[in-house]
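The values are calculated or read from the model by the stated rules, or taken from the named source; none is laboratory data. Just so it is clear, the model here is predicted, and its values are computed rather than measured. Methodologically, a virtual Cβ is constructed for each residue, glycine included, from the backbone with ideal geometry; neighbour enumeration extends over all protein chains shown. For accessibility, only protein heavy atoms count, side chains too; no ligands or nucleic acids. Shrake-Rupley method; radii C 1.70, N 1.55, O 1.52, S 1.80 Å.
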Amino acid sequence: GDIKHILENELQIPASKMLLKGWKTGDVDDSTVLKTLHLPKNNSLYVLTPDLPPPSSSHSGALQESLNQNFMLIVTHREVQREYNLNFSGSSTIQEVKRNVYDLTSIPVRHQLWEGWPPSATDDSMTLAVSGLTFPCHRLTVGRRSSPVQTREQSEEQCTDVHMVSDSDGDDFEDATEFGVDDGEMFGVASSALRKSPMMPENAENEGDALLQFTAEFSSRYGDCHPVYFIGSLEAAFQEAFYGKARDRKLLAIYLHHDESVLTNVFCSQMLCAESIVSYLSQNFITWAWDMTKEANRARFLTMCTRHFGSVVAQTIRTQKTDQFPLFLIIMGKRSSNEVLNVIQGNTTVDELMMRLMAAMEIFSAQQQEDIKDEDEREARENVKREQDEAYRISLEADRAKREAQEREMAEQFRLEQIRKEQEEEREAIRLSLEQSLPPEPKEESTESVSKLRIRTPSGEFFERRFLASSKLQVVFDFVASKGYPWEEYKLLGTFPRRDVTQLDPNKTLLEVKLYPQETLFLEAKE
């Protein structure tokens with residue numbers, strides 16, 4: 001009842017005029033509590049309004065709109081008390097409805113006894129849009145005529161204006177029976193004659209091109225609301241479904257079509273194109289299709305089937321009779337092989353098809369969780385290994401950088417040591433050269449004027465030498481340099497008065513610079 005009140009606001013239809021159909025259980029009324037029905041997570045319900053008048057179709061615009069509308073026919077099979085919810089476009093004929101009901105109930109058109117057709121529906125060739133059906137939903141009842149030889153006049157007398165049986169098509173089937181032609185054969189031939197082009201070209205070289213034609217032809221026959229068929233080879237479909245990351249994997253559904261089966265039209269239009277089925281397949285499956293009508297295409301698929309699933313599955317499909325098609329194969333990818341979870345035949349209902357898809361999904365989900373766990377553990381191990389490898393690489397880089405730095409440092413030290421040695425050798429050579437170039441030291445008893453110099457080094461040592469008073473100051477500088485104290489690096493200071501001797505003219509004599517007869521000098525490093 002709460003659902004009806006919500007729909008009343010949405011649809012502007014009084015709740016008292018609504019019938020809600022599609023529940024999984026039987027007895028449901030406005031007071032039923034949902035939790036007592038034990039419903040699945042997703043449910044498809046239908047709103048019926050049998051007490052509301054049908055829309056007017058008085059002018060051509062309204063008629064065209066009616067032809068484009070979809071009618072929901074709720075057909076009850078009287079003998080077995082089974083209800084079918086069938087969608088038809090407004091352009092479908094009453095005869096097409098009866099043929100589809102034959103597929104579902106196995107009651108030939110000539111034996112069908114109907115209740116619920118409007119009085120205006122007097123001709124099986126009429127379209128549903130102009131037949132006076134209640135839109136969007138209309139309820140009908142069908143049963144088997146009690147006597148096959150009952151005349152049309154007797155039937156009309158019994159049914160008055162609420163019963164309806166077929167006319168001309170029934171005669172055709174009667175004639176066919178007289179000549180020993182089976183009803184299913186007549187229906188198959190009639191169905192095939194209506195089809196303009198095959199679902200798939202025979203001996204198609206490219207599977208992708210064949211699937212493109214299949215999808216286009218399927219859309220033209222059954223509308224755009226259908227499963228999204230994978231365009232590509234069966235191997236590519238495997239790759240897409242099974243070989244990604246575990247979280248992204250899906251089941252593979254293979255739809256095997258057969259134009260000669262009496263079940264094909266109903267299976268495609270009423271079950272495979274049901275919104276609930278289309279939505280569930282798109283979320284959880286990769287759907288691939290193949291047409292088994294032509295023998296060459298059938299043989300090609302059986303070869304593919306043997307290669308991918310083994311000879312047992314191929315033999316199972318090979319032994320399927322034409323009227324058992326279409327087939328729906330549910331495939332799950334495993335580590336070592338591909339497993340066929342289910343083979344669904346065409347003689348099923350939307351609810352049964354959904355339940356079998358969901359059952360396959362439960363099996364797949366359990367396996368997927370294991371695969372996700374294994375993949376996560378493997379990725380964790382690989383991450384640890386990558387981190388260890390990265391740490392080892394960084395350690396090697398650090399060791400190499402440290403070693404290279406040490407090598408550079410040692411090379412620099414060696415270079416500096418070489419420079420130092422070269423400088424020392426150079427200084428030693430200069431020192432020796434200066435030492436050898438010095439004039440001889442005059443003796444104390446020399447008759448010439450002699451100046452005695454006492455020189456103190458920065459380390460506190462003293463060395464003395466006698467020089468001729470006529471010797472130039474440069475000779476003193478050379479003497480000090482020969483002792484390892486070049487005048488470019490050291491200052492020679494006098495005491496009284498304090499002065500920097502190295503600032504004096506080196507060409508003057510010791511006598512001229514007043515370093516006679518004796519003097520004490522100090523060596524000091526220049527800043």
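Of all residues in the range 213-244, those satisfying the criterion of being aliphatic (A, V, I, L, M), open to solvent by less than 60 Å² (accessible area, probe 1.4 Å) and within 18 Å of residue 300 (Cα to Cα) are 234, 236, 237.
Here is the figure for the range 245-273: residues that are open to solvent by 10 Å² or more (accessible area, probe 1.4 Å), at pLDDT 90 or above and of a type in the set (Gly, Ala, Ser) total 0. On inspection, residue 339 passes the criterion of being among the acidic types (Asp, Glu), within 30 Å of residue 292 (Cβ to Cβ) and not in a helix (DSSP H, G or I). Across the range 1-19, the number of residues qualifying as of a type in the set (D, E, K, R), open to solvent by less than 100 Å² (accessible area, probe 1.4 Å) and under 20 Å from residue 33 (Cβ atoms) comes to 2. May I ask you to list the residues in the range 432-487 that are of a type in the set (Val, Ile, Thr) and either touching a residue at least 24 places away in the same chain (Cβ under 8 Å) or open to solvent by less than 50 Å² (accessible area, probe 1.4 Å) (or both)? Once the filter is applied, which keeps residues that are of a type in the set (Val, Ile, Thr) and either touching a residue at least 24 places away in the same chain (Cβ under 8 Å) or open to solvent by less than 50 Å² (accessible area, probe 1.4 Å) (or both), the range 432-487 yields 450, 455, 457, 475, 476, 480. Just a yes or no: is a residue in the range 391-400 under 32 Å from the mean Cα position of the chain (by Cα), open to solvent by less than 80 Å² (accessible area, probe 1.4 Å) and at negative phi? Within the range 391-400, one or more residues are under 32 Å from the mean Cα position of the chain (by Cα), open to solvent by less than 80 Å² (accessible area, probe 1.4 Å) and at negative phi.
Residue by residue, here is whether (1) over 22 Å from residue 266 (Cβ atoms); (2) out of contact with any strand residue (DSSP E or B) (no Cβ under 7 Å at 6 or more places or on another chain); (3) open to solvent by 70 Å² or more (accessible area, probe 1.4 Å); (4) in the same structural domain as residue 302 (by the TED database) holds:
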site: 316; (1), (2), (3), (4): yes, no, no, yes
site: 331; (1), (2), (3), (4): yes, no, no, yes
site: 349; (1), (2), (3), (4): no, yes, no, yes
site: 352; (1), (2), (3), (4): no, yes, yes, yes
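Cβ separations smaller than 7 Å between residues 6+ apart or across chains give the following pairs from the range 225-249 residues that are within 16 Å of residue 334 (Cα to Cα) to residues that are among the β-branched types (Val, Ile, Thr) and part of a helix (DSSP H, G or I): 246/372; 247/372.
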